[in-house]
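First the structure, in the form of structure tokens, and then the observations on it.
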């Protein structure tokens with residue numbers, strides 16, 4: 001099964017942040033049930049991140065998870081990642097698909113119904129939808145809230161999508177009940193005392209729901 005096919009059953013996406021024990025925490029998280037890991041580091045150079053990307057890719061492959069890279073298609077190509085995630089400001093999807101090949105996973109961040117529809121027209125394989133709740137980097141005035149989740153659930157999107165932004169062990173239930181078919185998280189797992197157990201708890205919200 002190629003990465004795009006494997007993505008179809010994904011429920012949990014882990015977005016990383018820089019920390020000294022990242023590899024150890026990612027390993028625990030993927031064995032706990034994270035389906036996709038996205039390496040995100042806005043400050044380090046591509047050269048500095050390449051060895052970390054290769055290490056995380058190996059960890060993910062061993063556990064059966066997909067490894068992707070945020071923003072940087074070149075880093076994704078160099079590290080052999082399964083794909084790349086693009087924000088709204090990261091340019092068109094087509095050149096990235098051409099660089100990485102037809103089986104690569106290419107995701108897009110969206111914050112509205114219109115952005116979601118445009119991402120699908122571009123050929124995005126999955127969507128990161130949010131921000132759902134205020135976070136340290138997204139103040140209250142910039143959040144989309146649960147209404148966006150409810151609206152997108154009614155759209156019956158043909159690709160996987162993940163609610164992101166303030167999804168925690170405490171808020172996950174209401175996000176799932178609003179209709180989100182998956183979660184994208186950072187601190188909810190990486191800051192947990194046991195990242196594997198945190199991943200299992202998040203996955204439990206989808207235990208009785210079919211994917212898609």
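Would you compute, from DSSP H runs of 4+ residues alone, the mean residue ellipticity of the chain at 222 nm, taking -39500 (n - 2.57) per run and dividing by the full residue count, rounded to the nearest 500? If you can, show how the numbers build up before the last one.
Working: 10 runs with 87 residues, N = 212.
Result for the chain, helices only: -11500 deg cm²/dmol.
Given the chain, report the % of alpha carbon pairs whose separation exceeds 23 Å.
I get 40 percent for the Cα pairs in the chain exceeding 23 Å.
Take residue 151, project a point 7 Å from its Cα along the Cβ direction, then tell me which residues of region 53-96 have their backbone nitrogen under 18 Å from it.
In region 53-96, the label zone of residue 151 (backbone N under 18 Å from the point 7 Å along Cα→Cβ) covers 88.
Can you grab the distance from the C-alpha centre of region 166-210 to the C-alpha centre of region 107-157, Å, no decimals?
Measuring centre to centre over Cα atoms gives 17 Å.
Once you have the Cα-Cα distance between residue 122 and residue 204, take 0.36 nm times their residue separation minus that, and quote the gain in nm to one decimal.
26.3 nm
Relative contact order (percent) for region 3-206, with alpha-carbon contacts under 8 angstrom and 6 or more residues of separation?
23
Select from 23, 53, 184 the residue whose mean-square fluctuation is largest in a Gaussian network model of the chain (Cα-Cα springs shorter than 10 Å).
In the Gaussian network model the winner is 23.
Multiplying the sequence separation of residue 74 and residue 51 by 0.36 nm and subtracting their Cα-Cα distance, what value in nm do you get? Don't jump to the answer; show the numbers that get you there.
Details: separation 23, 0.36 × 23 = 8.28 nm, distance 1.38 nm.
Full extension of this stretch gives 6.9 nm more.
Can you classify region 69-118 as rounded, prolate or oblate using the Cα gyration tensor, where a ≥ b ≥ c are the square roots of its eigenvalues, rounded means a/c under 1.5, and otherwise it's prolate if a/b beats b/c and oblate if not?
prolate
Between residue 17 and residue 42, what length comes free when the chain is fully extended (0.36 nm per residue of separation minus the Cα-Cα distance, one decimal in nm)?
Going from the current span to full extension adds 8.1 nm.
Modelling each spin label as a point 7 Å along the Cα-to-Cβ direction, I'd like the residue 8/residue 193 distance in nm, to one decimal.
Distance between the two pseudo-spin positions: 4.1 nm.
The numbers here are math on the coordinates, done by the rules we state, and not lab data. What you see is a predicted model, and the numbers here were worked out from it, not measured in a lab. So basically every Cβ, Gly included, is an ideal-geometry build from the backbone, and we count neighbours across all protein chains shown.
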